[in-house]
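Every number in this text was worked out from the coordinates using simple rules, so none of it is lab data. Source: prediction; values computed, not measured. As a convention, Cβ positions derive from the backbone with ideal geometry for all residues, glycine included, and neighbour counts pool all protein chains shown.
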Amino acid sequence: MSEETNLTMEALASLCKRRGFIYQTSEPYGGLNGFWDYGPLGCELKRNIREAWWRAMVHRRNDVVGLDSAIIMHPRVWEASGHLEGFTDPMVDCRACRRRFRADQLCEEQGAKLQKVPDGRLRLPEGMKCPSCGSPDLTEPRSFNLMFKTFVGPVEDASAVAYLRPETAQGIFVDFPTIVNTSRVKVPFGIAQIGKAFRNEINPRNFTFRSREFEQMELEYFVRPGTDAQWHEYWVNERIKWYASIGLPEGRLHRYVYAADELAHYASACVDITYEFPFGTQELEGIAARGDYDLRRHQEYSGKSFEYFDAETNERYLPHVIEPSAGVDRIALALLCEAYREEWVPTAGVQGGAIPATPGGTPPTGYEPRIVMRLAPCVAPFKAAVFPLLKNKPPLVERAQRLFEDLRRRWPVFYDEQGAIGRRYRRQDEIGTPFGVTVDFQTLDDDTVTIRDRDTMAQVRVPAAEVAARIEAALGTV
RNA sequence: GCGAGCGUAGCUCAGUGGUAGAGCUCCACCUUGCCAAGGUGGAUGUCGUGGGUUCAAAUCCCAUCGCUCGCUCCA
């Protein structure tokens, strides 16, 4: 990683805290690794992401319904899903020095291979030694589950064990028969869900990118067996389009297509949509063709039928599923990375536009630095800010407040009369507000105001009555 | 999880055993006729936390929590 990108992530984290987007949880207690709080601006950003997704995936489609299932489900769900066995890293402990190591890693280092015994358990080959102290006195490989465990009811015994969901998808699969029976849906159709999920990650890293508590937006789209490939391709394309609509251009997104030997045994295809973060190109969303694996497993483990009766073909079958699964927090982080700019802008009297700042440099004569978040208007926390040009002139203040009250009925809008007008513009630049609407002395004559564009800093004068329509147009169709 | 580095005000940081600081930010008033940092006044830190050494600890030692980087892992 270069020094420059390093600086950028630090600068972004610093701005996120300074302006109230995202910061560590439980700060007075020293923080807690892998958990984050979204402040006043961050929670608006996240709401906007969720709402844009829900509109695109549910409200504007005829073939998808929504769901909000419980975070804690019957523990057998996680046996059926494979999470109880699959979500583990086998570890061995050294009895001599009490250190703990990854079993597969330890074997590989010593030129051996972890052995599997017939009952499915893992065993160390002969002659393995502790990499730390050299003792051969090692425990058998043991699994440490990445699911958070808790107890249901007052008694903390084995029969009361439950887990916080490590993904939202299983709620959809488990509810599949009920939704089919109650919602008049017909294959192909989808069930969408947004919600928190929890994984006890060994190593949270890269700001919020890998967290222990995170939020997913998942669609399970059920299709006729045999149509998997075409629907998979359809959803990959749909999702890329959606990212563009919230301000992540296709140029910075990539598709990582899984090779045959990388796929889970039940999957026929998987494509990750990745984004060029400063710390590397990393996944935002995975789109997998999972066959009928999930429904089949729940049918087996529950003993109930998960089959679908297709009235068109008069067949009974387990639908196959395409799963676009996105992380809200990762999308929020990508949007913040994409939007963040340090610029040098001309001061009064200097011609020309803003130039990108050199990290750590000082602006040339006639320029001064600004930080601007170029968030797409549809995801920006505030859609506009309203200012009286001067706060000590009551008619300006009164008219500005009236305009503010008018606009806030429709969108989150910010009002500010504090300090010089230029400073107020800059404050809004840093939090990504796309428009600054200023009431000045001419407003008192003809009721026009100026609208200042965040990105170009250019101003246009329009009738106050047209401001709402201008904002609406900028929000687009998202 | 391992190794290395780091933790002082909201932010960026100075302060290496002897009375906690600067710049920016923030608040009040003034000023200000469109792009921040003009005036006056003000607020904010038991120096991440807990122990220990010492007459005395932000400073030295131990533990712990957190952050960054590398390895590892993964969504």
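Under 19 Å between alpha carbons, and skipping anything fewer than 8 positions from A:Lys196 in its own chain: which lysines qualify? Those lysines meeting the cut-off are A:Lys46, A:Lys149.
3J(HN,Hα) couplings calculated from phi for the range A:151-167 with the Karplus curve 6.51 cos²θ - 1.76 cosθ + 1.60 (θ = phi - 60°) are, in sequence order, 10, 9, x, x, 9, 8, 10, 4, 6, 9, 5, 9, 10, 6, 4, x, 7 Hz; Gly and Pro show x.
What does the charge add up to near A:Gly419, with Lys and Arg as +1, Asp and Glu as -1, over the other residues with Cβ less than 12 Å from its Cβ?
Net charge around A:Gly419: +3.
For A:Glu315 and A:Ile202, the FRET efficiency from 1/(1 + (r/R0)^6), where r spans their Cβ atoms and R0 equals 45 Å, is about 0.50.
Highest mean packing first, where packing is the average number of other Cβ atoms within 10 Å per residue, the peptides A:284-295, A:269-280, A:407-418 line up as A:284-295, A:269-280, A:407-418.
Using the Cβ of A:Arg296 as centre and a radius below 11 Å, the other residues enclosed give a net charge of -2, where K and R count +1 and D and E count -1. Cross-link reach is defined here as a Cα-Cα straight distance under 19 Å, omitting same-chain residues fewer than 8 places apart; for A:Lys129 the lysines meeting it are A:Lys113, A:Lys116. The ellipsoid equivalent to the alpha-carbon distribution of the range A:354-430 has semi-axes of 28, 18, 7 angstrom, derived from the gyration tensor eigenvalues as √(5λ) and listed largest first. Rg/Rh for chain A (Cα atoms only, Rh after Kirkwood) is 1.04. Sorting A:250-257, A:149-156 by average packing, meaning the other beta carbons within 10 Å per residue, from highest down gives A:250-257, A:149-156.
The value obtained for the range A:155-305, namely the Cα convex hull volume divided by the number of residues, is 172 Å³ per residue. Residues of the range A:278-301 with an amide N closer than 18 Å to a point placed 7 Å from the Cα of A:Tyr256 along the Cα-to-Cβ direction: A:278-289. Report, ordered by chain and residue number, the aspartates and glutamates lying within cross-link reach of A:Lys391, taken as a straight Cα distance under 12 Å and ignoring same-chain residues fewer than 8 apart. Within the straight-line cut-off, A:Lys391 pairs with A:Asp416, A:Glu417, A:Asp440.
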